[in-house]
1. Could you compute the FRET efficiency for ASP109 and GLU56, with r as their C-beta to C-beta distance and R0 at 45 Å, rounded to 0.05?
2. Through the Karplus equation 6.51 cos²θ - 1.76 cosθ + 1.60, θ set to phi - 60°, convert the phi angles of the range 107-117 into ³J(HN,Hα) values in whole Hz; use x for Gly and Pro.
3. How high is the FRET efficiency from THR189 to LYS99, r the C-beta distance, R0 22 Å, rounded to 0.05?
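All of the numbers you see were taken from the coordinates with simple rules; none came from a lab. The shown structure was predicted, so the numbers you read here are calculated from the model rather than taken from an experiment. Glycine gets a Cβ as well: all are built from the backbone with ideal geometry, and neighbour counts include every protein chain shown.
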Amino acid sequence: MFYLIQKGGPIMWPLILTSIIALTIVFDRAYFIITVSLQRHPKIVDYILASVERGEIREAIDAGSETKDFVARTLVYGLKQKDKSLSSALLRAANQELKRFNQGLSFLDTIVTLAPLLGLLATVTGMIHAFGLLGGQELDAPTVITGGIAEALIGTAFGLGIAIVSLIPFNYMNTRVEQARHELEDAATHLELLLKKPEKS
C-alpha cells in the first residue's frame, strides 16, 4: 500500500480517502440491508390487510405495532391517521422509510464519478512530472520518464478500480430501494382500496 502511495504521487491520498469512504458506505448499507431483510414479516403485513378487510382496525394496528417490518410500520401509521388523511399519512411514512434506504447512496454515486476523475488527474500530473524531468536530461535516458509514467498509470488504475468496485454495490442498493418502493406502494394501494367506502348508487 505504501509502495503504491509513494509511486502514485500526491493524488493517491485523495484516492485512498475516497476508497475508505466508499468501503464504509458499502459495509454500512450491507449491514442495513441484512438487518431489514431479517426484520421483514410478510405474514404480519398480510394479517394487517386481512384485519382491515374484516373491519378490525384496532386489531390491525396492534398487530403491526409489535413488528419492525418497514411495510407494516407504514400501514400502521396510515391507519392511525386515517381519519385525517390516509393518503398523505401513507405517503409520509413511505418517504421516511425510503429515506433510510437511500442514506449514503448519493455519496457513493459521487464516488463512482469522482474516482475516475481523480485517476485522470493523476495521469495528467504524472505526465507533467515526467516531461518536466525530461526537459533537464538527455533524451537517451529513458529511466527519467518511467517514474512519471508509473505515477500516471497507478493513479489511473486505482481510480478506475474504486469506481468499478463501488458501482456494483451501488446498482444493487438502488435495486433494493426500488424493490422497497414497489412493496410500499403495493401495500399502501391495497390498504386504500380496502378502506375506500363504496359509493352510494
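1. Values: r = 44 Å, r/R0 = 0.98.
After rounding to 0.05, the efficiency reads 0.55.
2. Values per residue, Gly and Pro as x: 5, 5, 4, 5, 5, 4, 7, 6, 4, x, 5 Hz.
3. Numbers: r = 20 Å, r/R0 = 0.92.
Using R0 = 22 Å, I get an efficiency of 0.60.
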